[in-house]
1. First compute the accessible area of the range 158-295 with a 1.4 Å probe, then give the percent of it belonging to carbon and sulfur atoms.
2. As a test of the definition: which semi-axes, in Å, follow for the range 42-89 when you take the square root of five times each eigenvalue of its alpha carbon gyration tensor? Largest first, please.
3. How big is the charge dipole of the chain about its Cα centre, in debye rounded to the nearest 20, if each Lys and Arg gets +1 on its Cβ and each Asp and Glu gets -1 on its Cβ?
4. Would the range 1-97 count as rounded, prolate or oblate if I go by the C-alpha gyration tensor, calling it rounded below 1.5 in a/c and otherwise prolate when a/b exceeds b/c, oblate otherwise?
5. Residue by residue through the range 245-257, what is 3J(HN,Hα) from phi via Karplus (6.51 cos²θ - 1.76 cosθ + 1.60, θ = phi - 60°)? Round to whole Hz and write x for glycine and proline.
6. Report the full-extension gain for the segment residue 39 to residue 219: residue separation times 0.36 nm, less the Cα-Cα distance, to one decimal in nm.
7. Per DSSP H run of at least 4 residues, take -39500 (n - 2.57); add these up for the chain, divide by its residues and hand me the 222 nm value, nearest 500 deg cm²/dmol.
8. Quick one: if the Förster radius is 25 Å, what FRET efficiency do residue 233 and residue 87 give, using the C-beta to C-beta distance and rounding to 0.05?
Amino acid sequence: MSELRWGIIGPGRIAPRIVRALSQSGRGELVAVASRDPARAQAFADRFAVARSFGTYQALLDAPDVDIVYVSLPNHLHATWTIRALEAGKHVLCEKPLALSVEEVDAIIAASERDGRVAVEGFMYLHHPQTVLALELAQDGALGQLQLVHGSFSFFLTYPNDPRVDPTMGGGSLWDVGCYPVSFSRRIAGQEPEDLHAFARFDEHGVDRTFVGQLQFPSGLLAQFDCGFAAQDRERIEIVGSDATLVLDAPFLPDPDGPPASVTMWRGRTPSPVEVPSVDQYHAEVEDLMSVILDGGEPRMTLASSRENVATLVALDRAARAGDARLAPDA
């Protein structure tokens with residue numbers, strides 16, 4: 001097989017970016033879309049010239065000519081439909097967070113191994129050259145001894161009845177955008193945190209609208225991050241070393257979905273821009289998965305890494321709700 005056929009479950013706000021990504025691919029084609037609302041599925045199919053639409057998720061999974069399923073549903077449905085897709089013989093790209101508990105990730109891992117299919121969590125920023133470059137510079141000693149990572153990701157969430165502020169659907173800024181700087185910090189560290197602290201401002205439904213977390217890694221590297229639904233659009237990563245600081249000003253949603261990619265090396269008060277190419281990171285993400293399926297190898301985002309990221313997020317949420325009890329992630 002030289003071309004893989006894709007189906008989308010959940011034609012929401014991110015799904016058009018996957019359509020765009022596949023339109024640039026010579027190895028993948030979007031052939032189907034499914035929604036619980038048949039009219040919504042058909043409208044999406046008409047808009048993007050998708051051959052078939054389905055009024056149930058299971059109907060798409062039953063289609064024999066779909067090889068990969070992109071799961072773009074509210075957070076609390078990610079694990080369920082990832083597992084069902086694997087059991088139906090499909091490979092899966094699931095939007096982050098892959099799951100809301102370590103137990104759910106373990107069930108996905110078991111299904112992937114049992115059914116011989118690949119499942120990958122959709123952390124698209126990991127595939128952008130600016131992320132790859134930042135990790136290389138930090139880990140190769142270009143910044144000196146690593147001291148601190150700081151990340152921010154926030155925006156005003158104003159959509160009424162949004163699943164991201166529904167506590168029954170895995171809502172909260174930590175799960176929606178805080179997962180990015182947490183993931184980035186773990187990548188820089190190359191290990192898992194041994195201690196953490198967290199504070200949050202919860203709304204009347206118990207959903208965190210603003211979240212601040214701190215991580216300590218065995219190497220001594222410290223990480224701080226903030227995220228939220230109640231502040232201006234903010235994206236930034238600082239990797240602080242003993243010799244230099246690396247700053248990414250659009251680390252998670254650069255062009256074509258945001259400002260141009262930007263990496264700057266600071267030595268003292270002297271900035272030096274670092275040139276990075278502009279790419280569609282969603283295209284790089286789908287190509288990475290298809291390369292694993294067609295050529296073999298390991299995806300850039302492994303299920304083992306997803307498991308540890310979810311474990312850290314669970315521990316951070318628990319710490320914030322416990323009034324910053326000292327809680328290390330569960331293994």
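1. 50
2. 19, 14, 8
3. Rounded to the nearest 20 debye, it is 460 debye.
4. rounded
5. 10, 10, 10, 10, 8, 9, x, 10, 10, x, 3, x, 10
6. That works out to 59.5 nm of additional length.
7. It comes out at -10000 deg cm²/dmol, rounded to the nearest 500.
8. 0.05
The values are calculated or read from the model by the stated rules, or taken from the named source; none is laboratory data. Since this is a predicted model, take the numbers as computed values, not measurements. When we count neighbours, we look across all protein chains shown, and the Cβ atoms used for this are built from the backbone with ideal geometry, even at glycine. Note: accessible area is taken over every heavy atom of the protein model, side chains too, but ligands, DNA and RNA are not part of it. Shrake-Rupley method; radii C 1.70, N 1.55, O 1.52, S 1.80 Å.
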